[in-house]
Amino acid sequence: MIDGLRVAAVLPAYNAALTLRKTVAEIPRDVVDDIILTDDCSHDETVAVAEELGLHVVRHDRNRGYGGNQKSCYTAALARGADIVVMLHPDYQYSPRLVTAMAGMIASGHYDAVFASRILGKGALVGGMPRYKYVFNRMLTLFQNIVMGQKLSEYHTGYRAWSRRVLEALPLLAASDDFVFDNQMIAQTAWFGFAIGEISCPTQYFAEASSINFRRSCVYGLGVLATSLEYRLARWRLIRSPLFSGSAALKLAV
């Protein structure tokens, strides 16, 4: 808890048994009141490890995709009374020790959402990010900043903190269940005028860390371009988009 605000860490998991213990061990328990793992129909021992660690587990009976997994994570966190929700991948690619700083930025009242950027500083390449992914990241981020009128260092991090009021306001059910969900959620946050902050974050790329392949990266990239153009056309009032409407706020049964 920070300044009387209840903090939840949510872990969208798929086959994360090998790295889950290490990730959870570094989550700061003096700040985090609740750790929720949503298992997206894993084929390994993710659920067993999570239950052994005493986490609150939400288990999908079918694979709902990365975006669908996050929708369940946020729904569970809100239902369990979280005021601040930090989404952290359980693959130990990002440092769990930054949860305190990220949640603190929300609790300060200055920011509604905080993203841990691999691009601020030199963390991405030093941590082993493939060079083609780094270049891909920089090109897409530049495009989105121009088209959406923002100034972020990265739109593609999987480590984010959200205030309760953001999660209750965004029409997340209109967003994709696939990987582009992350990007659509940022676009929605910008659309509704929420204050976004960033913090530098080291990253690690290794065999057990989750990472989409080149083909899926290309599909994701096309989805990012489409999201940005949809945002701009909606700003110009040339189209009406469910992504940027006030309906379909997050209300899921988990």
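The values are calculated or read from the model by the stated rules, or taken from the named source; none is laboratory data. None of these values were measured; they are calculated from a predicted model. Quick note on the areas: whole protein, heavy atoms, side chains included, nothing else; ligands and nucleic acids left out. Shrake-Rupley method; radii C 1.70, N 1.55, O 1.52, S 1.80 Å.
In table form, for the structure just shown:
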quantity	calculated
Mean-position separation - Cα centroids, region 1-78 and region 92-108, in angstrom	16
Antiparallel bridges, percent of DSSP beta bridges restricted to the chain (to nearest 5)	30
Among Asn183, Asn145, Asn213: highest mean-square fluctuation, GNM of the chain, C-alpha pairs under 10 Å	Asn213
Highest-MSF residue in the chain out of Glu52, Glu154, Glu198 [GNM, Cα springs under 10 Å]	Glu52
Kyte-Doolittle mean at least 0.0, axial Cα span of 24 Å or more - DSSP H helices of the chain	131-148, 214-235
Carbon and sulfur %, accessible surface of the chain computed with the full protein complex present, 1.4 Å	55
In the chain, lysine pairs with alpha-carbon atoms under 25 angstrom apart (chain gap of 8 or more, or interchain)	6
P(r) of region 5-80 over all Cα-Cα pairs, binned every 5 Å from zero, in whole percent	3, 17, 30, 26, 18, 6, 1, 0
Distance cut-off 17 Å, percentage of C-alpha pairs in region 68-140 lying past it	58
Probe 1.4 Å, accessible area per residue of the chain, Å²	44
Distribution of pairwise C-alpha distances over region 1-136, 5 Å bins, in %	2, 10, 19, 21, 20, 15, 10, 3, 0
